[in-house]
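Notes follow once the structure below has been shown.
The values are calculated or read from the model by the stated rules, or taken from the named source; none is laboratory data. Quick caveat, the model's predicted, so the values are computed rather than measured. Positions of Cβ are generated from backbone atoms using ideal geometry, with glycine treated the same way; all protein chains shown enter the neighbour counts.
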Amino acid sequence: MKRFFLIIFLFQSLFALSQELGSIEKGKHTLKLFKHNHFYSISFSNEKTNSLTSESEFSFPKKETILQLIKDGFKKKNNHLLIVQTNQDTIVKFEFRKFKGNWFLKIKQNNLIGQSISSSSFFKKEKVLELFKSNSNS
């Protein structure tokens, strides 16, 4: 039980030291972009739960790198899945889908150590790109 509270405290401390650069919403689900001291992270509410506190997060060193990956994903003609290993224990899957002429992005995260899987809701292309572009000077 002590470990549980320690983990919660450390997790909250991480967010206390970070700056939220922006967020987008789809119903009760969110996709947020954070800047920490030397890296960025994306946090999203887990589509599989009704709890608003159930969020997943992955980090990356440069915002431009992840933005370019997402932009390239939207350029393809067919629905597809792009898989990236962000560190030793986390695999992130970017699922790109076209529906009724609009592109959408869903993010899935596999934590190999905790053996957990989480996924975001589908977010519209324009909203995802707006999240990154509105903070291009950060």
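What the table shows:
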item: Selected residue (criterion: nearest to Lys125 (Cα to Cα)) from residues of the range 98-115 that are loosely packed, with under 15 Cβ neighbours inside 10 Å and not aromatic (Phe, Trp, Tyr); result: Asn102
item: Residue match in the range 67-78 (condition: closer than 16 Å to Lys32 by Cβ and either among the β-branched types (Val, Ile, Thr) or surrounded by 14 or more Cβ atoms within 10 Å (Cβ to Cβ) (or both)); result: yes
item: Filter pass, Leu82 being more than 14 Å from the chain's Cα centre (by Cα) and of a type outside the set (Asp, Glu); result: no
item: Counted residues, the range 92-109 - those being out of contact with any Leu (no Cβ under 7 Å at 6 or more places or on another chain) and either within 23 Å of Ser18 (Cα to Cα) or among the hydrophobic types (A, V, I, L, M, F, W, C) (or both); result: 8
item: Residue match in the range 52-63 (condition: within 26 Å of Phe122 (Cβ to Cβ), polar (S, T, N, Q), modelled with pLDDT under 70 and under 16 Å from the mean Cα position of the chain (by Cα)); result: yes
